[in-house]
Structure formats: C-alpha cells, structure tokens
Amino acid sequence: MIIVWKNSPAELPDVPPGAHLVTVTGEPGEGPDLRSQFLDAARKLGAALVAAGASPAQIRTMELYAPNPDSVLADLTDIDLLYREALAGTFGKVALIQGPTVLLKAHAVVSPANEGPVFRDYDVAALNSQYSPRMTIPDMPALLANWREEGTAHQSSRTAELAYGDGDKNRVDLYMPEDVQNPPIHAFIHGGYWQALDKRENGQLTQGLVKAGIAVACINYSLAPPATISQIVDECRMALRMLWDTAERNGFDVSRLTVSGHSAGGHLAAMMAATDWPRVDATLPNDFIKGTIPISGLFDLEPLRFTGINAALGLTAETARETSPIHLSAISKGPIVAAVGGAESDEFRRQSKDFVEDWGAKGAQISYLEVDGKHHLSVVEAMNDETSPLYKKVVELVRQA
C-alpha cells in the first residue's frame, strides 16, 4: 500500500472525457484490533463501491482514517495483505489521516461501458465476470479468511524459511516430512492474480503431500503493484535455483523437483516449465523440473488487458504476449497436467484446454484434468484431499520424478 499523503485528503484523480468520478465512504470497521477493524472496513468499502456502480479496480486515490496512524505504518505489511485480500489487490495512492475510527474513503473513475466485444465474443462486463471468481463464489471472502487463519497456524510447523533474494517477499517456507531421508521436493506457487495472497495462506493446502513423504517448498514473491509479471517470473526462477543450491544442506532430493501453482501460480508454474534453465544458470540441468501441475492457470494473458485486473498489472499487448505461456513452448520434458475445476467459468476452463492443445501440438507431454464440481478455490483445496484425482495425480508425478 503506497502512502503518499499524510494528514491531508487525497488528491482527486483526473477524469478522462466520457468517464465520471465516484466517491464512496465505507462504514467504520469493527473488531478487537487494528487488523480486524481494517479488514472489516475494506470489505464494507467494497460493498459500497458495488452499490455505487463502481469496483475496487476503478479506485485511483483513497483515504485511510485511523485513530493512530503510526500503528498503521508499523503494521503496513500485514495491512497491505489484508487490503489485497478484501479488495482483490487493486488500489490507488493513499492518504493516511488521523480520525476517530478505522474507515476508508475511495475516489474511483468509472469509464463508460463498452457495448461491443473486446475479446472473442465478450464485452468488458462479461469478460470481467469470466475472470472474477469473487463474482461466482459468494463465500469467497470467508474462504480466503479461513485460508489466512489456517495457513498462519500451519506455518508454525514449517521446517525452515529460506531466502532466495534481498526483498521482503523473497522467501520460501520449507516443510519436510518426518522420518524420510532425502525426500523428493515439490514447489508450490500461490495465486492471487499476482497481486494478493501470501505463502503463509497456502501452506496448509500442501500438508497432505508432506504426510505422503514429500518435501514441499511454498514460494513467496513480490506482488503487483509495484512488481511486474516479468519480475515475478524471475523471482520464481530465483527461488527454484535456490532450492538447487541448498538441497544437500536442507536434506531433500532436488533431482526429483516437481512444481505446481494455483491461478496466477498456475501461470508461473507453466513459465517455469518454459524456462531454459542452463541459460539461467549454467550449473542447472536441462531437465531441472521433472513434472508440472498448473491448477486453474492463466496461460493467455491477452483477455486480462480488458478487465479491471489490469489496473494493477499494467499489461500491454506486447507484455501480455511475452508473459503468456501459450505463446511459448515447454522446455521441461517432464509430464505436465493442466488441472481446472469443473465448476469454474468457461474462460478458465478454455484457458487450460487451449494450453494443453497448444503445448501438446508443440511436443509437450501434457494432459488435461477437470476436477468435477470444484470452483476456483475448492479445486486447489482438492490437492489436500487424498481421495481427489488432483491429489493422486500430484503424488503420482512426484513419485515418478
């Protein structure tokens, strides 16, 4: 969260011709502490924006009122994550102001509706619906809150936190199985549209793999904004390279590395399979990754340019193409399984089907797995269910590595 103004109102944003300004003040947040008050205030602001015909992606400037602004600054990392959780990670420049309660006021710029199709047969509104799980999963805020609470509790069982760079987010949580010598290593990359969530909210989704005797590395990365997708891809490469360098020290078998990721993490997992590893580091083998499982991945980023998501990503036609796995080829020779929930949107399922068809035609050993009845969040939760075909497929790929 970028604090620009202190103890003065936020500047009103420029409004392009044909657009209009919407200013919305949410109800004060409630709860026993600053974090819970802020999260409640952010959720209330989101509801107020929708009622006013706007969305979080259209926020340009914002005011955050708090009884003790210094406490906000002291806890800014977690406040930032909570905001991204509640409002999908999009926000403008922020003014921090002392006030009697925790409260948010947003200035949003609403552009005129586009009546024609912008991608395939979808207009802007339909495309936003296709790529917004929040619009199709009514209890998504509660589910994400559960992930945060359960993940934070589960994090206490991690074996170590490993650094792969100098940034605050350049960290990996390592979970080692008990009584297993030199286990295979599985790297998991969290989702959140490259702009939300954290490794601490996802480790619990992999605990079934650890129980199966597999070491798991949950990768964190810098979030957009300010990070770009290209930067995030490079950070994930750095994280995997660190696993190679530290394998003997930490006691896992990096020659049996597999990778999975969810949503944006599915995109990142595919980008890892498309990486020429000896060009990253001459000491790395061509077959560094022995298997890849992108879950609900985004493989063609072009449609995202026309959604509210792009307010945070800043994709152009060129950068969308450069960072789209579907325009690349698999360099990893290991098996790839593109998994998606059967209850996900048409576009999410199309993305995985087209990815499998495209990479298969280019020679990849790739298959499609649709998990019946699962939506965009429950599909990755299935990775922790021993009866799920997704769990079984991940374990199978790891054991064959």
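The values are calculated or read from the model by the stated rules, or taken from the named source; none is laboratory data. Just so we're clear, the structure is a prediction, and the values are computed from it rather than from any experiment. Heads up, the Cβs are rebuilt from the backbone with ideal geometry, glycines too, and the neighbour counts pull from every protein chain shown.
Here Ala282 passes the criteria (1) in contact with an Asp or Glu (Cβ under 8 Å, 6 or more places away or on another chain); (2) surrounded by fewer than 24 Cβ atoms within 10 Å (Cβ to Cβ); (3) among the small types (Gly, Ala, Ser) except the one numbered (1).
So for segment 361-368 (the condition being without any contact (Cβ under 8 Å) to a residue 24 or more places away in the chain and more than 23 Å from Trp194 (Cα to Cα)), does at least one residue qualify?
Yes, segment 361-368 contains a residue that is without any contact (Cβ under 8 Å) to a residue 24 or more places away in the chain and more than 23 Å from Trp194 (Cα to Cα).
State yes or no: is Glu248 assigned by TED's automatic domain parsing to the domain that holds Asn384, outside any loop (DSSP other than H, G, I, E, B) and surrounded by fewer than 18 Cβ atoms within 10 Å (Cβ to Cβ)? Walk me through it before giving the result.
Values: assigned by TED's automatic domain parsing to the domain that holds Asn384: yes; outside any loop (DSSP other than H, G, I, E, B): yes; surrounded by fewer than 18 Cβ atoms within 10 Å (Cβ to Cβ): yes.
The answer is yes for Glu248.
The residues of segment 352-373 that are over 25 Å from Trp277 (Cβ atoms) and touching a Leu at 6+ places or on another chain (Cβ under 9 Å), listed by number, are Leu369, Val371. Taken over segment 175-209, the residue count meeting the criterion of being among the aliphatic types (A, V, I, L, M), in contact with a Gly (Cβ under 9 Å, 6 or more places away or on another chain), farther than 19 Å from Glu149 by Cα and outside any strand (DSSP E or B) is 2. Scanning segment 369-401 for residues that are assigned to a loop (DSSP other than H, G, I, E, B) and in contact (Cβ under 8 Å) with a residue 40 or more places away in the chain yields His375, His376, Leu377, Asp385, Glu386, Ala401. Evaluate the following for Val172: is it part of a strand (DSSP E or B) and among the β-branched types (Val, Ile, Thr)? It is true that Val172 is part of a strand (DSSP E or B) and among the β-branched types (Val, Ile, Thr). Looking only at residues of segment 257-279 that are among the hydrophobic types (A, V, I, L, M, F, W, C) and surrounded by fewer than 24 Cβ atoms within 10 Å (Cβ to Cβ), we find that the one that is nearest to Gly92 (Cα to Cα) is Ala274. Using the structure shown, decide if Gly261 is modelled with pLDDT under 95, under 17 Å from the mean Cα position of the chain (by Cα) and outside any helix (DSSP H, G or I). No.
Meeting the requirement of 1 or more residues that are closer than 23 Å to His375 by Cα, the helices (runs of 4 or more DSSP H) wholly within segment 265-343 are 310-313. Of all residue pairs spaced 6 or more apart or on separate chains, those with beta-carbon atoms under 6 Å, a first member in segment 231-246 that is among the charged types (D, E, K, R) and a second member that is surrounded by fewer than 19 Cβ atoms within 10 Å (Cβ to Cβ) and part of a helix (DSSP H, G or I) are Arg237/Val280.
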